[in-house]
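Where a number appears in this text, it was derived from the coordinates with a stated rule and is not lab data. Source: prediction; values computed, not measured. We place every Cβ from the backbone using ideal geometry, glycine too, and count neighbours over all the protein chains shown.
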Amino acid sequence: MNKEWIDITQTISTRIATWPGDTLFEYELTATKDDGGAANVGTITASLHTGTHADAPFHYVSEGKTLDMLDVNMYIGRAKVVSVVGATEIGREELEGFDLTGVERLLLKTTNTASPEKFPDRINTLKENIGPFLKEKGIYLIGTDQPSVDGIESKELLAHHSLFNNDVFIIENLLLEKVEPGDYDLIALPLKIEGADGSPIRAVLRKV
């Protein structure tokens, strides 16, 4: 029997927490069967960083690539989930004890409790030294269960830039609370939006 896919995506609804000051998610039906329409048709308004999402380099570097320019193969393939629960900052020191041989996509489980409808008071962030470390290991995609790789008050976005400078791409707001550490197949495709700084994704894992 084929192993089942595990959904690690936050459900997007009008109750979902968004970054402070960012656009709230809204969904409405602009045409309905009940009103005589041929079909129900919905419209959404949202930040591109709503829920589980991919960052494009353009999000934090004006000359960076937009999401439609990125290789889709980056978001499909073997991934490793590691637990760093208890660490408030994650960098070289927290990761060098894991066997990351051959790993290209790394997903960080930083908490055992997720609350997609409540924005956290603080974020388990990545250290500035993580970019060079991941590049040394051959890792080009990092995922976290936090809303950002940098802190809420950060203006310099040191972790974002460390990853960018070392050709590592970012997924944020994964749901990993019920996922055991180990090796998985990952599909986490962003929408192909021209000029976009990010995109919500539907992320799933399958144990290998």
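Within the chain, the proportion of C-alpha pairs whose separation exceeds 21 Å stands at 53%. Computed packing ranks the peptides 93-102, 169-178 as 169-178, 93-102, most packed first, by mean other Cβ atoms within 10 Å. For the range 6-140, the tally of Lys pairs with Cα-Cα distances below 29 Å comes to 17, considering only residues 8 or more apart or on different chains.
If you take the square roots of the eigenvalues of the alpha-carbon gyration tensor of the range 107-208 and sort them as a ≥ b ≥ c, do you get rounded (a/c under 1.5), prolate (a/b over b/c) or oblate?
Details: a/c = 1.23, a/b = 1.11, b/c = 1.11.
Rounded.
In plain terms, the residue of Ile139, Ile76 with the fewest other Cβ atoms within 10 Å comes first and the most crowded comes last, giving Ile76, Ile139.
Cross-link partners of Lys178 among aspartates and glutamates, defined as those whose alpha carbon lies under 15 angstrom from its own and excluding same-chain residues fewer than eight positions apart: Glu4, Asp7, Asp145. Evaluating 6.51 cos²θ - 1.76 cosθ + 1.60 at θ = phi - 60° for every residue in the range 154-159, the Karplus couplings come out as 5, 9, 7, 6, 4, 5 Hz, glycine and proline recorded as x.
Please give the peptides 25-31, 131-137 ranked by average Cβ packing (other Cβ atoms within 10 Å per residue), highest first, as a rough proxy for protection.
On the way: 25-31: 12.3, 131-137: 18.7.
So the order, starting with the most tightly packed, is 131-137, 25-31.
Between amide H atoms placed 1.01 Å from N, distances below 5 Å from Lys127 occur with Ile90, Gly91, all of them 5 or more places distant or on a separate chain.
Label the range 57-141 by shape, choosing from rounded, prolate and oblate, from the square roots a ≥ b ≥ c of the eigenvalues of the Cα gyration tensor; if a/c is under 1.5 it is rounded, and otherwise prolate applies when a/b is larger than b/c, oblate when it is not. Here the range 57-141 falls in the oblate category.
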